[in-house]
């Protein structure tokens, strides 16, 4: 993901904009402290922490200590954490703090060059050798990254490496060097004194029957690579026909190899027919192209030639094309990706790191405008498409069809997207047939992931104490999508079952009667003094919590931004500390009482 430049004050603002202009980046600035920025944030520590959690590299024009304090609670794995760099206000010094071997050192040198500054790189290998051996140039892959530390240590203790193959780092070579750096497409074994780098010059084209066993395709590819003397690390991409975008075996193969899956339509593959070794009229009749595996391999990158013709099993095919140089630009399109993201009540502290990461990775944000606004600076610079309330089906259909073009889309919901939100509608549209106003076949093949969020009932319960400590349920009082008689039937069942109940969509400007009806139904089954929590604008500055007795619940003090939590007959409202606490006992007191009486059943 593209780094973000952070400006905290006017003293460092010119430097921030110089960096952004030189590297084509966005500037995020502290509210009321900078004059110009692409996005503004109120709290520096929170904002930097949010960006870091989302996997976004951070370039802070500020004191290093500010960045350290911001990300310290999240530090866990240096192999996955994004780069963090500190730049002095005057632009004289650039310090990579984290992610030195994940791009921070390289980024520091680029910034230093743009600012005519000093890059204070402290990573031992970079200082001694001028390179990081575990960060090869684009188009190359280190086959044994876990051995890089031992190899670097051996070189730091004195000596020059032996270079076998291309000298990708531009280092001096000693034929008797203790450490060997080998660059080859062949499957060679590395060690703590032998680092093996694979130039990614190969495109693997595959095809298979619907629902082919992933093991069959994997075995075919493994055997083909071994016989051809090609290392899996030399594969730059897996390529296939777009109709196979959702094929489990194909996706499992790309995931195992750790490379992109590139897709082509039948017309694009048919254009490769004159170059195929094994054109097939049978395949053409089936999918509209005379070859899938060979054609996809050739189409995957410019300048490739077929080096392994089609090989096949009962249900799968594969072929390999090779380019003269490492492949850094791929043809085709990626499989579409739709992230259904629940952002919780709105504040970033209640948003999961997974949700933040999916939002940061998205090319476009889709949702009700207010929900996207709640993302604040995390949404800055991204294309956004807002839909009004009532446009839920259009919203989900648009998100799916945009993902079908190969893009990464995030569909934003408040709370949890799977609870009275867009999650179910996305899958319903994908499940509908063409005659049921569903989505296109391409949209049905996109990858869909769901990120959980803190739901309104969870947030309300946490603020109140523990009202969901025993059995509970949620009921929407909106009859726009659910027949009124079904809602009333569920109210009677929940009341008879003595569930704690969370009421969603309790009222609107036109719906004013169901909440009062629900209250009256519940009063037939539980005490008049049953505690009720009215929680409004949870997680936002205007958050309010109010407690009422069930018999005193009034419709006019509830709105659409309020979650109503009604206790069971066992729920209690206790005066504890500075505010009341609502809780529902689980039954531990009865168990303890039974133990004291000798009844352990």
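Every number in this text was worked out from the coordinates using simple rules, so none of it is lab data. Owing to the predicted nature of the structure, the values given are computational and were not obtained by experimental measurement. We place every Cβ from the backbone using ideal geometry, glycine too, and count neighbours over all the protein chains shown.
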With bins of 5 Å, the percent of all Cα-Cα pairs of region 202-333 per bin from 0 is 2, 13, 25, 27, 21, 10, 2, 0
Taking R0 as 45 Å, what FRET efficiency do you get between residue 521 and residue 76 from their Cβ-Cβ distance, rounded to the nearest 0.05? 0.35
Using the eigenvalues of the Cα gyration tensor, what equivalent ellipsoid semi-axes result for region 284-380 when each is taken as the square root of five times the eigenvalue, whole Å, largest first? 43, 16, 12
Packing-ranked peptide list from 464-470, 554-560, highest mean Cβ count within 10 angstrom first, is 464-470, 554-560
Helix-only mean residue ellipticity at 222 nm, the chain, DSSP H runs n ≥ 4 weighted -39,500 (n - 2.57), per residue, nearest 500. What is it? -8500 deg cm²/dmol
Can you work out the base-10 log of I(q)/I(0) for region 457-583 at q = 0.18 1/Å, using the Debye formula on its C-alpha atoms alone? -0.92
Test of understanding: what is the full-extension gain from residue 513 to residue 479, defined as 0.36 nm times their sequence separation minus their Cα-Cα distance? 11.1 nm
Express in whole angstrom the spacing between the alpha-carbon centres of region 3-54 and region 278-340. 43
Matching label for the computed Cα Rg over 2.2 N^0.38 Å, out of (i) 1.18; (ii) 0.98; (iii) 1.14, is (i)
In what sequence, highest mean first, do 45-54, 135-144, 200-209, 488-497 appear when ranked by Cβ atoms within 10 angstrom? 200-209, 45-54, 135-144, 488-497
Pairs of alpha-carbon atoms within less than 8 angstrom and 6+ residues apart define the contacts here; what relative contact order does region 46-152 have, in percent? 17
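Taking 56 Å as R0, compute the FRET efficiency from the Cβ-Cβ separation of residue 10 and residue 579 and round it to 0.05. Display every interim value, and only then the final one.
Details: r = 42 Å, r/R0 = 0.74.
Taking R0 as 56 Å, the efficiency between residue 10 and residue 579 is 0.85.
Quote the relative contact order of region 2-73 in percent (integer), defining contacts as alpha-carbon pairs under 8 Å separated by 6+ residues. Walk me through the numbers on the way to the answer.
Working: 114 pairs, mean separation 25.8, N = 72.
Relative contact order of region 2-73: 36 percent.
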Using only Cα atoms, find the angle between the long axis of helix 104-115 and the longest principal axis of the chain, and express it within 0 to 90 degrees, rounded to the nearest 10. 80
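Quick check on packing: order 79-92, 448-461 by the mean number of other C-beta atoms within 10 Å, highest mean leading.
Working: 79-92: 19.5, 448-461: 22.4.
Order by mean packing, descending: 448-461, 79-92.
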So, with points 7 Å from each Cα along the Cβ direction, the residue 424-residue 36 label distance in nm works out to 5.0
Rounded, prolate or oblate (a/c below 1.5 giving rounded, otherwise prolate when a/b exceeds b/c) for region 506-554 by Cα gyration tensor: oblate
Measure off 7 Å from each Cα along the Cα-to-Cβ vector at residue 447 and residue 382, then give the distance between these two points in nanometres to one decimal. 1.7
Can you give me the angle between helix 214-228 and the longest principal axis of the chain, using Cα atoms only, in degrees from 0 to 90, rounded to the nearest 10? 20
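Grab the eigenvalues of the alpha-carbon gyration tensor for region 38-137, scale each by 5, take roots, and send me the semi-axes largest first in whole angstrom. The partial results should precede the final answer.
Details: eigenvalues 98, 58, 23 Å².
Those come to 22, 17, 11 Å.
Listing 272, 582 from the residue with the fewest other Cβ atoms within 10 Å to the one with the most, what is the order? It would help to have the intermediate numbers written out before the result.
Values: 272 22, 582 25.
So the ranking, lowest neighbour count to highest, is 272, 582.
Which of 408, 432 comes first, and how do the rest follow, when ranked by fewest Cβ neighbours within 10 Å? Spell out each step's value before the answer.
On the way: 408 18, 432 13.
Fewest-to-most ranking of 408, 432: 432, 408.
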Treat each spin label as a single point 7 Å out from the Cα along the C-beta direction, and report the residue 63 to residue 540 distance in nm. 3.5
Potential extension, residue 556-residue 174 segment - 0.36 nm per residue separation minus Cα distance: 129.1 nm
Relative to the longest principal Cα axis of the chain, at what angle does helix 392-403 sit, 0 to 90 degrees, rounded to 10? 10
Computed over region 80-121, the relative contact order (Cα-Cα under 8 Å, seq sep at least six) in percent reads 38
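Given region 351-467, what whole percent of its Cα pairs are spread farther than 18 Å? Before the final figure, lay out the partial values.
Values: 3542 of 6786 pairs.
Distances greater than 18 Å cover 52 percent of the Cα pairs.
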